[in-house]
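Enquirer: My questions all concern the structure below.
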Amino acid sequence: MSEVTTTASSASNDEIAAYVGKKAAWFERKWEIAASRKNRQSWNWAACFLGPVWMAYRCMYWQAAAVLGVTLGITLVELLYFPKYFESSTLDPITIGIAVALGWCGNGIYKTHVERKIEKLRPNATSNQSLLALLEAQGGTNWLAATGFAIATPLLGFLMIMIRNVVVATQ
């Protein structure tokens, strides 16, 4: 790849490729599409359907935890304060809204994450080659984190239902 920088970023294509890994060209194309649009967004199906699991896979750990926490918090509020709605509803519009928002904003969130990580790691490198090696080591994907989030999400959802059952039983 060349040393051309992306729009509004000081990260070179080589740096982005080193951090993102095998899908770098795909993400760069999506970011170019987003940059050409007025709203600066492009769609990501994995972010929409997998949410925090996709974020953890892409090494966005605190973002994944935040999305999972917000989703579980909303679910807990629904279970505790609107139990009839939750029991009768097959599709939760709030959760669907979060999924659509992640699908719509996922690529942009990831781009911001990549650029910030590159900027943060750049001072730790003594040369361009050492920076690229550091970016490859720190970036890429993480199947273990994705698996952890994929297991934790339904377990925490089940915990929410148990909490609701305890609260309802004590009333």
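Just so it is clear, none of the values below were taken in a lab; they were calculated from the coordinates. The structure displayed is predicted, hence computed values, not measured ones. Here Cβ is always computed from backbone atoms with ideal geometry, including for glycine, and neighbour counts include all displayed protein chains.
Enquirer: Using only Cα atoms, tell me the angle between helix 93-121 and the longest principal axis of the chain; keep it within 0 to 90° and round to the nearest 10.
Expert: Approximately 30 degrees, to the nearest ten.
Enquirer: Something else about it: May I ask for the Rg/Rh ratio of segment 53-151, computed from Cα atoms with Rh as the Kirkwood radius, given to two decimals?
Expert: Expressed as Rg/Rh, it is 1.14.
Enquirer: From the helices alone, meaning DSSP H stretches of at least four residues, give me the mean residue ellipticity at 222 nm for the chain, per-run term -39500 (n - 2.57), in deg cm²/dmol to the nearest 500.
Expert: Calculated at 222 nm, the ellipticity per residue is -24000 deg cm²/dmol.
Enquirer: Could you line up 40, 58 from fewest to most neighbouring Cβ atoms inside 10 Å?
Expert: Placing the least packed residue first, the sequence is 40, 58.
Enquirer: Positive end of the dipole of the chain, charges at C-beta (+1 Lys, Arg; -1 Asp, Glu), about the Cα centre: which of 167, 27, 156 has its Cα farthest in that direction?
Expert: Sorting the options by dipole projection puts first 27.
Enquirer: Taking amide H atoms as placed 1.01 Å from N in the peptide plane, list the residues 5 or more away in sequence, or in a different chain, whose amide H sits under 5 Å from that of residue 59.
Expert: 142
Enquirer: Roughly how many debye, to the nearest 20, is the charge dipole of the chain about its Cα centre, given +1 on each Lys and Arg Cβ, -1 on each Asp and Glu Cβ, and no other charges?
Expert: 180
Enquirer: Further, regarding this structure: If you line up the Cα atoms of segment 10-87 on their principal axes, what length do they span on each, largest first, in Å?
Expert: 52, 27, 20 Å, listed from the longest principal axis down.
Enquirer: Next question. Give a residue-ordered list of calculated ³J(HN,Hα) values for segment 27-35 (Karplus: 6.51 cos²θ - 1.76 cosθ + 1.60, θ = phi - 60°; whole Hz; x for Gly, Pro).
Expert: 3J(HN,Hα) across segment 27-35, in whole Hz: 5, 4, 5, 4, 5, 5, 4, 4, 5.
Enquirer: Can you put 162, 60 in order of Cβ neighbours within 10 angstrom, beginning with the fewest? Please list the in-between numbers first.
Expert: Working: 162 10, 60 23.
Ranked by crowding around the Cβ, least crowded first: 162, 60.
Enquirer: Among 127, 12, what is the fewest-to-most ranking by other Cβ atoms within 10 Å?
Expert: Values: 127 8, 12 19.
Placing the least packed residue first, the sequence is 127, 12.
Enquirer: Further, regarding this structure: Need one number: nm distance between label points at residue 35 and residue 96, each 7 Å from Cα along Cα→Cβ, rounded to one decimal.
Expert: Inter-label distance under the simple model: 3.5 nm.
Enquirer: Here is a further query. What percentages make up the Cα-Cα pair-distance distribution of the chain when the bins are 5 Å wide from 0?
Expert: 1, 8, 15, 17, 16, 13, 10, 7, 5, 4, 2, 1, 0, 0
Enquirer: Out of residues 5 or more away from residue 11 or on other chains, whose amide H comes under 5 Å of its own, with H placed 1.01 Å from N in the peptide plane?
Expert: 6
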